[in-house]
Structures are given as structure tokens and as C-alpha cells.
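Notes follow once the structure below has been shown.
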Amino acid sequence: MKPAGSGAKGPTSASTGGPFLLAAYLDEARNQVETALDRALSTTLPLLPQALREPVEAAVTSGGKRLRPILCMAAYEACQGPRGPDVADLAVSLEFIHAYSLMHDDLPCMDDAPLRRGRPTPHITYGERSATLGGAALIPVAHVLAWRSARGMGHSPEEARGMVACIARAAGGAGMVGGQGLDLLGEDRVLDQSDLDQLHGLKTGALLTASLELGALAARAPLARREALVTFGQAIGLAFQIADDVLDATADQDRLGKAPSDQDLSKSTYVSLLGVDASRARARSLVDQGIEELARTGVDTPPLVELARYVVDRDR
Ligand code: GRG
């Protein structure tokens, strides 16, 4: 069975039935995400010690593309789950993990970054201890939110456990944290393409992939569609990182709003390995492969297809 919108002549908008416009879709989805983040913070901040509330709130509300929850909502919709506040509440659990990862990634013992999204990083504003503890506090919060939202959507305890496990696996040592470990080990060494693919498949790809899988699980999608979304996620996860490396090497650092650059950190990147043009070509080819995978199982909806292209065409 094909989802609504799939197989249509051109992309269509979920809300209007007109031509699909990614910018409008992103605006609407980001509004839903911001509202759900506010809802989640209003129940979780009061449980934290006073000293951690401000760093945690600032880390979660300091902007960002909100790509992980948006991918989750788009996958859910593609698998015929009705979009709405429930899935947004589930999807923001991914943003809590993402916010923690950025807080810790920027610490002096990691990338020692003073600037992200054009603002001073949490340890600069609140000190290292508050940034470390605030980041750590976000991890269990994310899992509790996912559990509560899954149960609120009517999922059984077993289904809800599967959804929480999907996030935990992606965030942990066999996912994002493991990738960060490989990244640290790789500093000042020249990594080859398979090293980079492994590192970034874990560090960046695992949570992006889990975002899509979580949407499929929430919609109770058949296994074939779930697997296609995972394969798609792995492809666009790597493409995302390649695009990040290209941006890091070519875009104005002020516009990117972050420091230090990969070059400052002596990191091997796709650009240092392949050059800008071949990196761009590989990113595009990965996106095309990902979209083909979606088409194979009929979940190539306009939002997912256009989000995949956005992953490599974005300017920040
Ligand atoms: C310190 C216990 C301990 C563990 C460290 C910090 C960490 C584990 C892992 C970090 C891995 C990490 C930062 C991955 C994300 C890489 C990445 C591409 C970030 C940027 O994502 P965007 O572009 O960011 O989606 P925005 O700003 O749009 O939200």
C-alpha cells in the first residue's frame, strides 16, 4: 500500500495539497517541535536543581535546525501515522539527546569549542561543571520523555520499551558515544574513507537513523518499511556529515557560527581526503541511493525526499 502523496507527479504539501514547499514544511514542523520542546521543558526543568535549569533550558532552546525530530515526524507520517502533537512529543526526545551531545562535544576535554550557533557554548556561559552536569541530566530526561510519549500515544509497554531502546542504542557506545571515541582516537592521524565512514556512521549517522526508525516504530510500520528507513537514514547520515565537512571547509565561519574549524582541530575530513568536488558528488550519490531505497517500499514521500536533498544542499 502506498502512502498518500507517494507516487504523485510532483511533490505535494501535506497540509494544503498544493506543490510541496520545503521551506513552508520546515517552518510548520519547527513550530511543532518548538512547542513540544516547551511542553517537555515545563515538566522536566522543575525536577532539576535550580543551578542546572538555566544551562539545560539554554542548550535545548538555543536554535538549531531540529533535523532529528523533523525526520522522525516525517517518517511517522510517511508510514501513515497522523501528524500532530503526540508524535512531536515523542520526536523531541531525540533533540534532548542531540542537545546533550553538543554540550559535551564542546567541552574543553572534547573539542574545546567556544562558539556554536553563533553563541557562546554552555561551558563558556555557565562553567564546565554546569555544562557537564546539565548535559548528563538531559540523557535520562530524553528516555523518560520517549517512554511517556510512547505510552501516551497508546503503545504497549513492550512497544514503548522498543522505542526507548532504539534511542538508547543510537546514543550509546555502539552509536554516537562510540563514534565520538573513534573521533578522539583519530585526532592527528590520517584516516581513510572506511575509517571516516565508520566513525561518522556512529557519531552522526546513528542518531539520524534512529530518528527515522523511531518514526516508523511509532507508526507501527511493517518491517520492510522500517528497514528501508534505516538504510535511508544510514545513507543520509553519512551524506549529512560529508556536507558538514564541505561547509566547514568552504563557508564563512561567522555565518556557520561555530569555532574551532576541523582544520584547527587537525581532524581528518572527507574534504581533506577527497577534496570538495568529490565530497559533494559522494554526498549527492548517497542521497540518491537513500531515496531509491525509500521508493522500493513506497515511503518516498515528498517531505522525506526533500529533507534528504536539504541534508546536502543546506547552507548551515
Ligand atoms: C562526554 C560521556 C561523553 C560523551 C561524549 C559528546 C558526545 C559523547 C558525542 C558527540 C557527538 C556529536 C556532537 C555528534 C553530532 C555531530 C553533528 C553533525 C552536530 C551538528 O548537528 P546539526 O547540524 O546541529 O544538526 P544543529 O545546530 O542544527 O542542531
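Since every read-out is calculated from the coordinates, none of them should be taken as a lab result. Here the structure is a predicted model, which means the values were calculated and not measured. Reconstructed Cβ throughout: ideal geometry from the backbone, glycine too, with neighbour counts over all protein chains shown.
Hey, how many Å between the Cα centroid of the stretch 251-303 and the Cα centroid of the stretch 52-80?
Answer, in whole Å: 20.
Please state the shape class of the stretch 115-203: rounded when a/c is under 1.5, otherwise prolate if a/b exceeds b/c and oblate if not, all from the C-alpha gyration tensor. Please list the in-between numbers first.
Numbers: a/c = 2.99, a/b = 1.33, b/c = 2.25.
Judged from the Cα gyration tensor, the stretch 115-203 comes out oblate (a/c at least 1.5, b/c at or above a/b).
Quick check for the chain: number of Lys pairs with alpha-carbon distance under 18 Å, counting only pairs 8 or more apart or on different chains?
Working: Lys65/Lys203; Lys65/Lys258; Lys203/Lys267; Lys258/Lys267.
Final tally of qualifying lysine pairs is 4.
Using modelled amide H (1.01 Å from N, peptide plane; none on Pro or chain starts), what sits under 5 Å from the amide H of Gly298, excluding residues fewer than 5 places away?
none
How far, in nm, would the chain grow between Asp112 and Ser156 when pulled straight, counting 0.36 nm per residue and subtracting the alpha carbon separation?
Working: separation 44, 0.36 × 44 = 15.84 nm, distance 4.25 nm.
The Asp112-Ser156 span can extend by a further 11.6 nm.
What is the packing order of peptides 153-162, 276-285, 237-246, taking the mean over residues of other C-beta atoms within 10 Å and listing the highest first?
Numbers: 153-162: 13.9, 276-285: 16.0, 237-246: 24.2.
The peptides rank, most packed first, as 237-246, 276-285, 153-162.
Sorting check: for 105-117, 133-145, 186-198, which peptide has the highest mean count of neighbouring beta carbons within 10 Å, and how do the rest follow? Before the final figure, lay out each step's value.
Working: 105-117: 17.2, 133-145: 20.6, 186-198: 13.7.
With the highest mean Cβ count within 10 Å placed first, the list reads 133-145, 105-117, 186-198.
Using 0.36 nm times the number of residues separating Ala281 and Asp313, minus their current alpha carbon distance, what extension gain do you get? Don't jump to the answer; show the numbers that get you there.
Values: separation 32, 0.36 × 32 = 11.52 nm, distance 1.16 nm.
Extending this stretch completely gives an extra 10.4 nm.
Using only alpha carbons, build the gyration tensor for the chain and give me the equivalent ellipsoid semi-axes, biggest first, whole Å.
28, 25, 17
Could you derive backbone 3J(HN,Hα) for the stretch 281-292 from the dihedral phi with the Karplus parameters 6.51, -1.76 and 1.60 (θ = phi - 60°), listing whole Hz in sequence and x where the residue is Gly or Pro?
5, 5, 4, 5, 5, 4, 4, 4, 4, x, 5, 4
What does the charge count near Glu128 come to, summing +1 for each Lys or Arg and -1 for each Asp or Glu among other residues with Cβ under 14 Å from its Cβ? Write out the running numbers ahead of the final one.
Numbers: positive: Arg129; negative: Asp105, Asp106, Asp111, Asp112.
Around Glu128, the surrounding residues sum to -3.
Taking 8 Å as the Cα distance limit and 6 or more residues as the minimum spacing, I'd like the relative contact order of the stretch 22-313 as a percentage. Before the final figure, lay out the partial values.
On the way: 441 pairs, mean separation 61.1, N = 292.
About 21 percent, as a whole number.
What shape does the stretch 240-316 take by its C-alpha gyration tensor, where a ≥ b ≥ c are the square roots of the eigenvalues and a/c under 1.5 counts as rounded, a/b above b/c as prolate, and the rest as oblate?
Values: a/c = 3.27, a/b = 1.97, b/c = 1.66.
Since a/c reaches 1.5 and a/b is larger than b/c, the shape of the stretch 240-316 is classed as prolate.
For Arg119 and Gln289 in one chain, what is 0.36 nm times their gap in residues minus the Cα-Cα distance, to one decimal in nm?
On the way: separation 170, 0.36 × 170 = 61.20 nm, distance 3.58 nm.
Full-extension gain reported as 57.6 nm.
Please list 3J(HN,Hα) in residue order for the stretch 95-104, calculated via the Karplus relation 6.51 cos²θ - 1.76 cosθ + 1.60 where θ = phi - 60°; whole Hz, with x for glycine and proline.
Values, residue by residue: 5, 5, 5, 4, 4, 4, 5, 5, 4, 6 Hz.
How large is ³J(HN,Hα), in whole Hz, for each residue of the stretch 74-87 in order, when computed from phi with the Karplus curve 6.51 cos²θ - 1.76 cosθ + 1.60 and θ = phi - 60°, using x for Gly and Pro?
After applying 6.51 cos²θ - 1.76 cosθ + 1.60, I find 5, 5, 4, 5, 4, 9, 6, x, x, 5, x, x, 4, 5 Hz.
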